[in-house]
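S.K.: Below is a structure I'd like to ask you about.
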Amino acid sequence: MKHLVLEKKVLSENDRVAARLRERFAGHGVLCLNLISSPGAGKTLLLERTLERMPKGTRAAVLTGDIQTDNDARRLARSGYPVKQITTAGACHLDASMIERAIEQWPLEEIDYLFVENVGNLVCPASYDLGEHAKVVVLSVTEGEDKPLKYPATFYRAALMILNKVDLLPHLTLDAELAAGYAREVHPEIEVIRTSCVSGEGLAEWIGWIERKREEWVGTKEREMAR
Amino acid sequence: MHELSIAASILETVRRQSEAHGGARAARAGLRIGGRSGVDTESLRFCFGAIAAGTPEEGCELAIDYEAEGAALDLAWVELEDQ
């Protein structure tokens, strides 16, 4: 019997492409955020509101993933920003090579913020690095407090949890603090922002977070390059 | 579920090792899987068995070292039969 030591990550091919994307984003000053959630948590509407409220002239672009249809891309395109639909035709998650193919024709030097809306799925997207700066998990108040405990892989990897649809809280028994607590149990450093795309609550905070993160993660690179 | 594409990645790597060693049959592949990797080990075994059927890798056993914490998804080793 020949015993061969490999110590190879199974998703090393995806990781290779993701690393390549990460380098390109860094080189062109693009902040890339990977939005993950269950189907129906409100990712698309949140992105619509985000694009509406970002300062005029913001250089943003969106990739949106779905198994079928380009409904989300159509909605988001109304914002006037560049939007592309990735249709996976069966894959339950986006992977790095899909992102690489989608941005082929895009001038990355003209983009400061790239939002990637993943396929609605709280399980699979967690395993696939897309070269993003951060994963953002969107949890709707209708989903129950213990989702972070049920889907730890996703919450463990997310830098931010958006607790969405808080305008519905008066109609629900959900304890928002408990939901945040469970998320921190799985990932102590996770930040939490409560939002409502109906009342507008938390949207300014969310946009502030995005801009701060670009400054933190991308801005330093630009300052270095300018020197 | 993506256990299928993960199984395919494992199969491909195992096959390449086999080919690099004169076609020696892969008897076992050692995986390290963390609870936070999001991968279901039973599903993975099933998918691997399904796609290996009828190929030179048929019968290759997956030896899974499962750790509840951590997010590992590694192919640690492959055992090839002597020819």
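The values are calculated or read from the model by the stated rules, or taken from the named source; none is laboratory data. As the structure is a prediction and not an experimental result, all values here were calculated from the model. Positions of Cβ are backbone-derived with ideal geometry, glycine not excepted, and every protein chain shown enters the neighbour counts. Side chains included, ligands, DNA and RNA excluded: accessible areas come from the protein's heavy atoms. Shrake-Rupley method; radii C 1.70, N 1.55, O 1.52, S 1.80 Å.
S.K.: Could you list which residues have their amide H under 5 Å from that of B:Ile64, counting only those 5 or more apart in sequence or on another chain, with H placed in the peptide plane?
M.R.: Here the answer is B:Leu31, since their amide H atoms fall under 5 Å of that of B:Ile64.
S.K.: Sticking with this structure for a sec: Please state, to two decimals, what the Cα-based radius of gyration of region A:118-212 comes to when divided by 2.2 N^0.38 Å (N = residues).
M.R.: It is 1.04.
S.K.: While we're on this one: With +1 on each Lys and Arg Cβ and -1 on each Asp and Glu Cβ, and nothing else charged, work out how big the dipole of the protein assembly as shown is about its Cα centre, in Debye to the nearest 20.
M.R.: Dipole of the protein assembly as shown, to the nearest 20 debye: 800 debye.
S.K.: Solvent-accessible area of B:Arg45, probe 1.4 Å, all protein chains present, reported in Å² to the nearest ten, please.
M.R.: Ignoring ligands and nucleic acids, B:Arg45 comes out at about 100 Å².
S.K.: Heavy-atom accessible surface, probe 1.4 Å, ligands and DNA/RNA ignored: which residues of region B:57-80 lose at least 20 Å² versus the isolated chain?
M.R.: Residues meeting the cut-off: B:Ala71, B:Leu73, B:Asp74, B:Leu75, B:Ala76, B:Trp77, B:Val78, B:Glu79, B:Leu80.
S.K.: Further question: Per-residue accessible area for A:Asp72 at 1.4 Å probe radius, Å² rounded to 10?
M.R.: It works out to around 20 Å².
S.K.: Moving to a separate point now. What GluC sites (Glu not before Pro) does region B:13-83 have in DSSP loop regions with at most 15 other beta carbons within 10 Å?
M.R.: B:Glu58, B:Glu69, B:Glu81
S.K.: For A:Lys150, A:Lys165, A:Lys43, give me the order by solvent-accessible area with a 1.4 Å probe, most accessible first, ignoring ligands, DNA and RNA.
M.R.: A:Lys150, A:Lys165, A:Lys43
S.K.: What quantity of accessible surface, computed with a 1.4 Å probe and excluding non-protein components, is buried in total between chains B and A, in Å² to the nearest 100?
M.R.: The summed interface area works out to 2200 Å².
S.K.: So, one more: For chain B, which whole-number percentage of the solvent-accessible area (1.4 Å probe, protein heavy atoms only) is attributable to carbon and sulfur atoms?
M.R.: 49
S.K.: Which of the lysines could a cross-linker span from A:Lys150 if the Cα-Cα distance has to be under 22 Å and same-chain partners fewer than 8 positions apart are dropped?
M.R.: Straight-line reach from A:Lys150, under 22 Å: A:Lys43, A:Lys135, A:Lys165.
S.K.: Let me know the Rg and Dmax you get for region A:1-106 when you use only its Cα atoms, in Å.
M.R.: Cα-based Rg and Dmax for region A:1-106 come out at 16.8, 65 Å.
S.K.: If you don't mind, another one. Restricting to Cα atoms and excluding each atom paired with itself, what does the Kirkwood estimate give for region A:49-120 in Å?
M.R.: Kirkwood hydrodynamic radius for region A:49-120: 12.6 Å.
S.K.: Relative to the longest principal axis of the C-alpha atoms of chain B, give the angle of the C-alpha long axis of helix B:3-20, reported between 0 and 90° and rounded to the nearest 10°.
M.R.: Helix B:3-20 sits at roughly 30 degrees to that axis.
S.K.: Using the heavy atoms of the protein chains alone and a 1.4 angstrom probe, what is the accessible area of region B:33-80 per residue in square angstrom?
M.R.: For region B:33-80, the per-residue accessible area is 44 Å².
S.K.: In µm²/s, what is D for chain A at 10 °C and 1.306 mPa s, where D = kT/(6 pi eta Rh) by Stokes-Einstein and Rh is the Kirkwood radius from Cα pairs?
M.R.: Once the numbers are plugged in, D ends up at 87 µm²/s.
S.K.: Before I look further, what does region A:1-82 give for accessible area per residue, probe 1.4 Å, in whole square angstrom?
M.R.: Per residue, region A:1-82 has an accessible area of 49 Å².
S.K.: Mean 1/r over all different Cα pairs, inverted: what Kirkwood radius does region B:42-83 give, in Å?
M.R.: 12.1
S.K.: Can you give me the P(r) profile for chain B? Cα pairs, bins 5 angstrom wide beginning at 0, each as a whole percent.
M.R.: Calculated P(r), rounded to whole percents: 3, 16, 27, 26, 16, 8, 3, 1.
S.K.: With every protein chain left in place, what is the accessible area of A:Ile99 in Å² (1.4 Å probe, nearest 10)?
M.R.: About 0 Å², ignoring ligands and nucleic acids.
S.K.: By how many degrees, between 0 and 90 and to the nearest 10, does the Cα long axis of helix B:41-52 differ from the longest principal axis of chain B?
M.R.: Here the helix axis deviates by roughly 30 degrees.
S.K.: Can you pull the percent of region A:19-83's accessible area that's carbon plus sulfur, 1.4 Å probe, other chains left in place?
M.R.: Carbon plus sulfur share of accessible area: 49 percent.
S.K.: May I ask for the distance between the Cα centers of region B:4-67 and region A:4-22, given as a whole number of Å?
M.R.: After rounding, the separation between the Cα centres reads 16 Å.
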